[in-house]
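Undergrad: One structure coming up, written as structure tokens, with questions to follow.
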Amino acid sequence: METRVNAAKPSELKALLCAHGFSFKKSLGQNFLIDERVLARIVEASEAGPDDGALEIGPGAGVVTQRLAPRVKRLVAVEKDERLRPVLAQTLAGLDNVDIRFADVLEVDLAGLWSAFSGCARVTVVANLPYYVTTPILFHVLESRVRFDTMVIMVQREVADRLAAAPGSKTYGALTLAVRYWAEVETVCRVGPGAFLPPPEVESTVVRLRRRATPAVDVVDERTLFGVIRAAFATRRKTLLNALTTQLPLERAACLTALTEAGIAPQRRGETLSLEEFARLADAIARTSPADGGGGSGNHARGIY
Ligand code: SAM
């Protein structure tokens, strides 16, 4: 007989949280999903099957976990808030393939954690992310180079627009290009505030990333690519030549040579360049200035957003 609490049912969720004296922490982005239709879309979008593993980031009261765990071989969930331990013990009772780790996911060595998925055919990452740490968490997963197949994430609608943006549009930027480098992005569904308890102040979107087998473009030096992208978007309104000259440790003449070599008009603005054009430019800069490559120090993708 099933006695598990249904965490998506507001009355059951509220009673459970109340029984444990739990109060929502805004600082942890705690808006729990209570919409069955959205939950079904998230689980379906993960494409997870019985031979697969799943990493869930921020399980909250376990509403996604309850639905995903029975579909996969093994589920590891990383939750920062220890106060949710007794809540999760109840909502996940009897789900023996779930391993909850209480930690800040940004401090978790994901490559090490991945050993939990040995023997799994594919791995999916699922996260209804706290919006204030969406980008760092996204890049923590991407840059750790762990072999996930799909990543289904709930993000603020504005972030989803950036991820899907085309060159020349207002939302096209460093985040668009950095994520596109690693993954293909598609929108799964839009979600209104009423789908959460308590309702957030913003609209949300579920997005699916499919990790590419190899990055979208082949470059001599990844750091240079991200350094050039950062430089181009640091001053969106400047021409590329001016932006690169002011942002990179390169002489104007060297920037001009690199742009010419890459076949890119110096008066264009960075926001009009495709990822392929940025890659050509980064390679030309790396050839012009191999010692530094224009990347400078600390040019991880997350730093350019
Ligand atoms: N997945 C649940 C749902 O859909 O109802 C909860 C989503 S809630 C938007 C975000 C969850 O992430 C919260 O449970 C919060 O405590 C947790 N969280 C916040 N920052 C975190 C971090 N750095 N690492 C791990 N979990 C975090």
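Undergrad: Report, by residue number, each residue of region 22-47 that is under 18 Å from the mean Cα position of the chain (by Cα) and open to solvent by less than 20 Å² (accessible area, probe 1.4 Å).
TA: Answer for region 22-47, where residues must be under 18 Å from the mean Cα position of the chain (by Cα) and open to solvent by less than 20 Å² (accessible area, probe 1.4 Å): GLN30, ILE42, VAL43, ALA45, SER46.
Undergrad: Still on this model: Quick one: which residue in GLY49, GLY62 is touching a residue at least 40 places away in the same chain (Cβ under 8 Å) and within 15 Å of the ligand (Cβ to nearest atom)? Show your work before the answer.
TA: Details: GLY49 fails: within 15 Å of the ligand (Cβ to nearest atom).
Of the residues listed, the single one that is touching a residue at least 40 places away in the same chain (Cβ under 8 Å) and within 15 Å of the ligand (Cβ to nearest atom) is GLY62.
Undergrad: Identify the single condition in (1) open to solvent by 50 Å² or more (accessible area, probe 1.4 Å); (2) over 24 Å from THR272 (Cβ atoms); (3) aliphatic (A, V, I, L, M) that VAL188 does not satisfy, given that it satisfies every other one.
TA: (1)
Residues are listed down the side, and each one gets a yes or a no for (1) over 28 Å from TRP114 (Cβ atoms); (2) in a loop (DSSP other than H, G, I, E, B); (3) charged (D, E, K, R); (4) open to solvent by less than 50 Å² (accessible area, probe 1.4 Å):
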residue: ARG145; (1), (2), (3), (4): no, yes, yes, no
residue: TYR172; (1), (2), (3), (4): yes, yes, no, yes
residue: ALA178; (1), (2), (3), (4): no, no, no, yes
residue: TYR181; (1), (2), (3), (4): no, no, no, yes
residue: LEU209; (1), (2), (3), (4): no, no, no, yes
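Undergrad: Does at least one position in region 101-121 carry a residue that is touching a helix residue (DSSP H, G or I) at 6+ places or on another chain (Cβ under 6 Å) and of a type outside the set (A, V, I, L, M, F, W, C)?
TA: No.
Undergrad: Please go through region 69-86 and pick out each residue that is touching a residue at least 24 places away in the same chain (Cβ under 8 Å) and more than 10 Å from the ligand (Cβ to nearest atom).
TA: Scanning region 69-86 gives ALA69, PRO70, ARG71, VAL72, LYS73, ARG74, LEU75, VAL76, PRO86.
Undergrad: Are any of the residues in region 123-141 open to solvent by 40 Å² or more (accessible area, probe 1.4 Å) and free of Cβ contacts under 8 Å to residues at least 40 places away in the same chain?
TA: No, region 123-141 contains no residue that is open to solvent by 40 Å² or more (accessible area, probe 1.4 Å) and free of Cβ contacts under 8 Å to residues at least 40 places away in the same chain.
Undergrad: Determine whether GLY168 is assigned to a loop (DSSP other than H, G, I, E, B) and surrounded by fewer than 21 Cβ atoms within 10 Å (Cβ to Cβ). Reasoning before the result, please.
TA: Values: assigned to a loop (DSSP other than H, G, I, E, B): yes; surrounded by fewer than 21 Cβ atoms within 10 Å (Cβ to Cβ): yes.
Judged against the criteria, GLY168 is a match.
Undergrad: Among all residue pairs at least 6 apart or on different chains, which show Cβ distances below 6 Å where the first residue, located in region 22-42, is more than 7 Å from the ligand (Cβ to nearest atom) and the second is outside any loop (DSSP other than H, G, I, E, B) and of a type in the set (Gly, Ala, Ser)?
TA: Short answer, once both residue conditions are applied: ASP35/ALA195; VAL38/ALA195.
The values are calculated or read from the model by the stated rules, or taken from the named source; none is laboratory data. Computed from a predicted structure; not experimentally measured. Backbone-built Cβ (ideal geometry, glycine too); neighbour counts: all protein chains shown. Ligands, DNA and RNA are stripped out before the accessible areas are found, and what is left, the full protein with its side chains, is counted by its heavy atoms. Shrake-Rupley method; radii C 1.70, N 1.55, O 1.52, S 1.80 Å.
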